[in-house]
Every structure is written in structure tokens, then in C-alpha cells.
Amino acid sequence: MTYTLCKNIINSGNYEQQSMQNKLDVFLLGNRITSTQYTELCGLMESQQPTE
């Protein structure tokens with residue numbers, strides 16, 4: 001459930017990166033998401049960042 005909600009938010013682009021990163025860190029530490037899910041969600045955020 002937590003993973004799905006986070007993925008939907010990230011895919012929508014309606015988030016602030018540092019805030020979402022902090023949330024993912026807490027969810028990982030609290031065993032709300034797995035390390036595989038964490039890596040995937042961080043990758044999604046990274047792919048959405050504008051390149052300079």
C-alpha cells in the first residue's frame with residue numbers, strides 16, 4: 001500500500017524531491033517498503049529530474 005501510494009505520487013510529479021526522499025528513507029527504516037521498492041522509487045525520482 002505505501003509503495004503504491006508513493007509510486008503514484010512520484011509518477012504524478014506532484015512532490016518535492018527532498019521531502020519525498022526523506023519519506024522514502026523513513027518508510028524503508030520502518031519496513032513499510034522493501035529495499036528493492038526503495039531503489040525503484042528513488043530511480044523513478046532520479047529519472048524525472050531535469051538534466052543540466
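How much of the pair distance distribution for the chain lies past 14 Å, counting alpha-carbon pairs only, in percent? Can you show the working numbers first?
Values: 611 of 1326 pairs.
The proportion of pairs with Cα distances above 14 Å equals 46 percent.
Relative to the longest principal Cα axis of the chain, at what angle does helix 35-48 sit, 0 to 90 degrees, rounded to 10?
Taking Cα atoms only, the helix is inclined about 10 degrees.
I need the calculated FRET efficiency for the pair Thr2 and Gln49, taking r as the beta carbon distance and R₀ as 25 Å, to the nearest 0.05. Numbers along the way, then the final one.
On the way: r = 22 Å, r/R0 = 0.90.
Calculated value: 0.65.
Compute the FRET efficiency between Asn14 and Thr39 as 1/(1 + (r/R0)^6), taking r as their Cβ-Cβ distance and R0 = 35 Å, and round to the nearest 0.05. Walk me through the intermediate numbers first.
Details: r = 22 Å, r/R0 = 0.62.
Computed FRET efficiency for Asn14 and Thr39: 0.95.
Taking all protein chains as present, what is the carbon and sulfur share of the accessible area of the chain, in % to the nearest whole number, probe 1.4 Å? Mind showing how you got there, number by number?
Details: 1970 of 3720 Å².
Answer for the chain: carbon and sulfur cover 53 percent of the accessible area.
Please report, in debye to the nearest 20, how large the charge dipole of the chain is about its Cα centre when each Lys and Arg carries +1 at its beta carbon and each Asp and Glu carries -1 there. Could you put the intermediate results ahead of the total?
Numbers: 3 positive and 5 negative charges, 51 e Å.
Its charge dipole is roughly 240 debye.
For the chain, what does the helix formula give at 222 nm: sum of -39500 (n - 2.57) over DSSP H segments with n ≥ 4, over the residue count, nearest 500 deg cm²/dmol? All intermediate terms of the calculation are to be shown ahead of the outcome.
Values: 3 runs with 38 residues, N = 52.
The per-residue figure over the chain is -23000 deg cm²/dmol.
The values are calculated or read from the model by the stated rules, or taken from the named source; none is laboratory data. Note that this is a predicted model, so its numbers are computed, not measured. Note: ideal-geometry Cβ built from the backbone for every residue, glycine included; neighbour counts use all protein chains shown. Quick note on the areas: whole protein, heavy atoms, side chains included, nothing else; ligands and nucleic acids left out. Shrake-Rupley method; radii C 1.70, N 1.55, O 1.52, S 1.80 Å.
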